[in-house]
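*Asks:* Got a structure for you, questions after.
The values are calculated or read from the model by the stated rules, or taken from the named source; none is laboratory data. Just so it is clear, the structure is predicted and the values come from calculations on it, not from any experiment. No Cβ is skipped: glycine too gets one built from the backbone with ideal geometry, and neighbour counts run over all protein chains shown. Protein only, heavy atoms only, side chains kept; ligands, DNA and RNA dropped before computing areas. Shrake-Rupley method; radii C 1.70, N 1.55, O 1.52, S 1.80 Å.
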Amino acid sequence: MTKTRHSGGTTPQAPRKGAGPNERGGALVSLTRKAGNGAPAGVGEIRHLGLVAALVLLCAAGLITEPENFATSGNAVGVLVLAATIGVISVGQTFVIIGGGIDLSVGSVMALASVWATTVATQSYGPAVMAMCAILVGTGSGVVTGLLISYGRMVPFIATLAMLVAARGLAQRMSDRRTQLIRPENDAIEALSTTKLLGLPLLVYIFAAVAVAGWLLLNRTTFGRRTFAVGGNREAARLAGIDVRRHTLLLYALSGFCCGIAAIIIMALTTTGSSTHGDLYELDAIAAVIIGGTLLTGGRGTITGSILGVLIFTLITNLFILNGLQTSDQLIAKGVIIVIAVLLQRRGLRSPA
């Protein structure tokens with residue numbers, strides 16, 4: 001992005017019509033830095049160290065309150081398995097929020113994908129088609145939402161809220177409000193949770209693969225740089241040559257894609273497809289992303305922070321279960337953590353860089 005000097009200062013202008021790739025690339029890098037990806041060195045690492053410290057404190061609390069049950073390999077694996085579904089959804093949610101949006105429909109879309117994949121007609125084609133169906137349904141739902149937001153000019157909150165209601169209703173209609181069991185001949189889906197490699201179920205490796213792929217996409221590709229630019233300043237990103245509407249559509253499609261993968265994981269864990277799957281998952285995913293340091297206003301965030309946020313919330317749930325505390329107490333604790341995280345974000349934004 002070039003600047004033209006006037007008597008009153010400088011004003012940003014779009015690259016000239018015949019600008020070469022180097023000039024446009026320089027403008028994109030500049031936008032990315034202003035959006036938050038170019039934060040002062042060490043800021044992200046310090047934030048991540050704080051999250052790691054929180055995990056250590058939670059582990060210490062577990063060792064003190066329930067040493068016999070907490071400090072076991074089975075419990076550690078259980079925490080990772082519990083984190084897998086929300087973790088995959090949180091990766092997609094991270095991209096959407098960094099891009100300046102929000103997706104409230106992730107839990108309902110996951111439920112719809114699980115129901116569609118476990119219908120009698122779909123199961124007759126085998127586990128591979130079931131998995132592909134879940135991914136296609138999730139991605140398709142994300143595309144519909146993205147179209148409403150980017151080309152229909154709907155507010156993300158309203159568009160995703162509408163998809164939340166519609167997807168849950170369609171899932172209930174398809175399943176007639178009944179839980180659909182996976183047939184024995186399709187036990188390859190269940191094998192994702194029962195088959196272990198180096199002591200860990202395969203679905204944990206799926207979670208890890210999605211997290212690594214998300215990190216690479218966000219930090220090592222033009223798509224990631226454009227996501228930061230769009231979330232930081234949509235108009236400046238447009239002037240820099242980014243097709244903001246198309247990129248927004250792709251962000252919601254990516255979120256739906258992650259919901260499809262999460263549907264496969266939940267089917268493997270429960271051996272069912274149900275319209276009740278994913279209830280309040282959107283709140284858990286958004287909370288994990290916020291805890292991880294992603295700004296709700298867009299333009300800044302990391303996949304690493306979101307994954308650490310998922311692990312923190314999962315450990316909290318695990319500790320409450322081991323100590324026999326009620327679900328209502330868990331929700332209160334999570335709500336307090338979310339408020340504290342948002343207040344810390346606002347304080348960080350006010351402080352000088």
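*Asks:* With the checklist (1) touching a strand residue (DSSP E or B) at 6+ places or on another chain (Cβ under 9 Å); (2) under 24 Å from residue 251 (Cα atoms); (3) touching a residue at least 40 places away in the same chain (Cβ under 8 Å) in hand, flag the one item residue 165 doesn't pass.
*Replies:* (1)
*Asks:* Going by the conditions given, is residue 160 touching an Asp or Glu at 6+ places or on another chain (Cβ under 6 Å) and at pLDDT 90 or above? Full working, then the answer.
*Replies:* On the way: touching an Asp or Glu at 6+ places or on another chain (Cβ under 6 Å): yes; at pLDDT 90 or above: yes.
So residue 160 fits the description; yes.
*Asks:* Which is more than 17 Å from residue 102 (Cα to Cα), surrounded by fewer than 20 Cβ atoms within 10 Å (Cβ to Cβ) and at pLDDT 95 or above, of 198, 216?
*Replies:* Details: 198 fails: at pLDDT 95 or above.
None of the other options fit; the residue is 216.
Yes/no per residue for (1) crowded, with 24+ Cβ neighbours inside 10 Å; (2) touching a residue at least 60 places away in the same chain (Cβ under 8 Å):
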site: 253; (1), (2): no, yes
site: 256; (1), (2): yes, yes
site: 285; (1), (2): yes, yes
site: 292; (1), (2): yes, yes
site: 297; (1), (2): no, yes
site: 315; (1), (2): no, yes
site: 325; (1), (2): no, no
site: 342; (1), (2): no, no
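*Asks:* Scanning for something in a helix (DSSP H, G or I), within 23 Å of the chain's Cα centre (by Cα), farther than 26 Å from residue 225 by Cα and of a type in the set (A, V, I, L, M), does segment 84-103 turn up at least one residue?
*Replies:* Within segment 84-103, the first condition is being in a helix (DSSP H, G or I), and the residues that meet it are 84-98.
Checking which are within 23 Å of the chain's Cα centre (by Cα) leaves us with 84-98.
Next cut, farther than 26 Å from residue 225 by Cα only: 84-85.
Filter once more, keeping what is of a type in the set (A, V, I, L, M): 84.
Checked against the condition, which is being in a helix (DSSP H, G or I), within 23 Å of the chain's Cα centre (by Cα), farther than 26 Å from residue 225 by Cα and of a type in the set (A, V, I, L, M), segment 84-103 yields at least one hit.
*Asks:* Could you pull out the residue among 56, 77 that is surrounded by 12 or more Cβ atoms within 10 Å (Cβ to Cβ) and of a type outside the set (Gly, Ala, Ser)? Talk me through it step by step, then tell me what you get.
*Replies:* On the way: 56 fails: surrounded by 12 or more Cβ atoms within 10 Å (Cβ to Cβ).
Step by step, each of 56, 77 is checked, and only 77 is surrounded by 12 or more Cβ atoms within 10 Å (Cβ to Cβ) and of a type outside the set (Gly, Ala, Ser).
*Asks:* Could I ask something else about it? If only one of 203, 251 is touching a Gly at 6+ places or on another chain (Cβ under 6 Å) and among the aliphatic types (A, V, I, L, M), which one is it? Show your work before the answer.
*Replies:* Numbers: 203 fails: touching a Gly at 6+ places or on another chain (Cβ under 6 Å).
Every option except 251 fails the conditions.
*Asks:* Same structure again: Can you give me the number of residues within segment 103-126 that are open to solvent by 40 Å² or more (accessible area, probe 1.4 Å) and over 14 Å from residue 262 (Cα atoms)?
*Replies:* Counting residues in segment 103-126 that are open to solvent by 40 Å² or more (accessible area, probe 1.4 Å) and over 14 Å from residue 262 (Cα atoms) gives 4.
*Asks:* Oh, and also: Test of understanding: among 173, 177, 245, which residue is in contact with a Phe, Trp or Tyr (Cβ under 9 Å, 6 or more places away or on another chain), within 22 Å of residue 106 (Cα to Cα) and open to solvent by 80 Å² or more (accessible area, probe 1.4 Å)? Step through it out loud before you land on a result.
*Replies:* Values: 173 fails: in contact with a Phe, Trp or Tyr (Cβ under 9 Å, 6 or more places away or on another chain); 177 fails: in contact with a Phe, Trp or Tyr (Cβ under 9 Å, 6 or more places away or on another chain).
On inspection, the qualifying residue turns out to be 245.
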